[in-house]
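Q: One structure follows; several queries about it will come next.
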Amino acid sequence: MNISSILFYAISALILGAGILAVTSVKIFRAAIWLLFSLVGIAALYFWMQVEFIAAIQIVVYVGGIVVLIIFSIFLTQNSGKEMNSPALSKKIFSALAALFGTAFVHNLIVHYEGFAFNSAKPFNPNVAEIGTQMLSTTSHGFILPFEVVSMLLLAAMVGCIVIAMRPAISTSESNTLNNKD
């Protein structure tokens, strides 16, 4: 086993370990911090693959933007330091079954689908101009539609965070108004 393989497995262990801790943490702020470590691990994986531009985008957009937005949303809520409720047993069982199904599906796809085989005839070109052309292309191999869908998803997440953060403030001000009328 060479150093490159050891580095890959270490980065993979960081991503998976931080991801599991993010999902299983009972404190919401700690879950956000574990998500931060998982996203930094993904950026490290991009650096390991020598795709520095995508790694930098991962750090700037996801680590620097999305995680900061999530942490601000957590701090805007009034219960940011409290523990989250434990999910019901049926939700835990469904989550475990979904994870097993997803693992089996991906394993079956990778083992039996020949499209994932290594193709040495077409070298990987990680320059920034090619990535930009591919991201903004409207042809059949372009990624403009998924790019726009993700931007709409992030907008919906931001609006949802604002609504969740404002709901306790509105309900406490309404209850104070009702108490003052008595």
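Q: If the chain between Ser12 and Ala56 were fully stretched, how many nm would it gain, using 0.36 nm times the residue separation less the Cα-Cα distance?
A: Details: separation 44, 0.36 × 44 = 15.84 nm, distance 1.84 nm.
Gain on stretching Ser12 to Ala56: 14.0 nm.
Q: Continuing with the same structure: Out of all Cα-Cα pairs in region 22-93, roughly what percent, to the nearest whole number, are more than 14 Å apart? Let's see the in-between values first.
A: Working: 1665 of 2556 pairs.
Summing the P(r) of region 22-93 above 14 Å gives 65 percent of all pairs.
Q: Amide H of Lys27: which non-local residues (sequence gap of 5 or more, or other chain) have their own amide H closer than 5 Å, using H built in the peptide plane?
A: Long-range HN contacts for Lys27: Met84.
Q: Assuming R0 = 45 Å, what is the FRET efficiency of Val128 and Thr24, from their Cβ-Cβ distance, to the nearest 0.05? Write out the running numbers ahead of the final one.
A: Working: r = 38 Å, r/R0 = 0.84.
In this case the efficiency is close to 0.75.
Read-outs: derived from the displayed coordinates by stated rules, not from any lab. The model shown is predicted, which means the values in this text are computed figures rather than measured ones. Reconstructed Cβ throughout: ideal geometry from the backbone, glycine too, with neighbour counts over all protein chains shown.
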